[in-house]
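Data block below; observations after.
The values are calculated or read from the model by the stated rules, or taken from the named source; none is laboratory data. Model, not experiment: these values are computed from the prediction. Here the Cβ is made from the backbone with ideal geometry for all residues, glycine too, and neighbour counts use every protein chain on show.
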């Protein structure tokens, strides 16, 4: 059983067949699927699942804080089931592959006071960009 499914069961989330399939599709490491990709994979497991049901389930998972909505390329939002562990993202500029990364240090503390402009900073999002090994020319 995936970590996401276990977390949802522990929270008492009503587990219909449709919700279970959405959670199963999102299970795993480095998962960053669009809603359409979640729907396509869910249909392969449960042909009668509707696009609206997938969107509703994703919305509920985001509201619960169990899935993050990620936007790394100004295109479609992606859904990240690793909401329980703080992390940043590494994105390939060529193919769009996204990997979860865990930088060392305190990203919030690394912002100098002079650069805070009076803000009380509560959160940091960093996206590292580069070219993945599969896209580097040989």
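Key figures for this structure:
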item	result
Residues of region 95-110 that turn out to be assigned to a loop (DSSP other than H, G, I, E, B) and surrounded by 12 or more Cβ atoms within 10 Å (Cβ to Cβ), as a count	4
Selection status of residue 84, touching a residue at least 60 places away in the same chain (Cβ under 8 Å), within 14 Å of the chain's Cα centre (by Cα) and within 30 Å of residue 137 (Cα to Cα)	no
Residue 84 modelled with pLDDT under 90 and closer than 24 Å to residue 134 by Cβ	no
Residues that are surrounded by fewer than 18 Cβ atoms within 10 Å (Cβ to Cβ) and part of a helix (DSSP H, G or I), drawn from region 21-40	24, 36, 37, 40
Qualifying residue in region 61-72 (condition: surrounded by fewer than 14 Cβ atoms within 10 Å (Cβ to Cβ), under 21 Å from residue 129 (Cα atoms) and touching a strand residue (DSSP E or B) at 6+ places or on another chain (Cβ under 8 Å))	yes
Selection from region 41-52 of residues that are within 11 Å of residue 21 (Cα to Cα) and part of a helix (DSSP H, G or I)	41, 42, 43, 44, 45
Checking residue 10 against (1) modelled with pLDDT of 95 or more; (2) part of a helix (DSSP H, G or I), the condition it does not meet	(1)
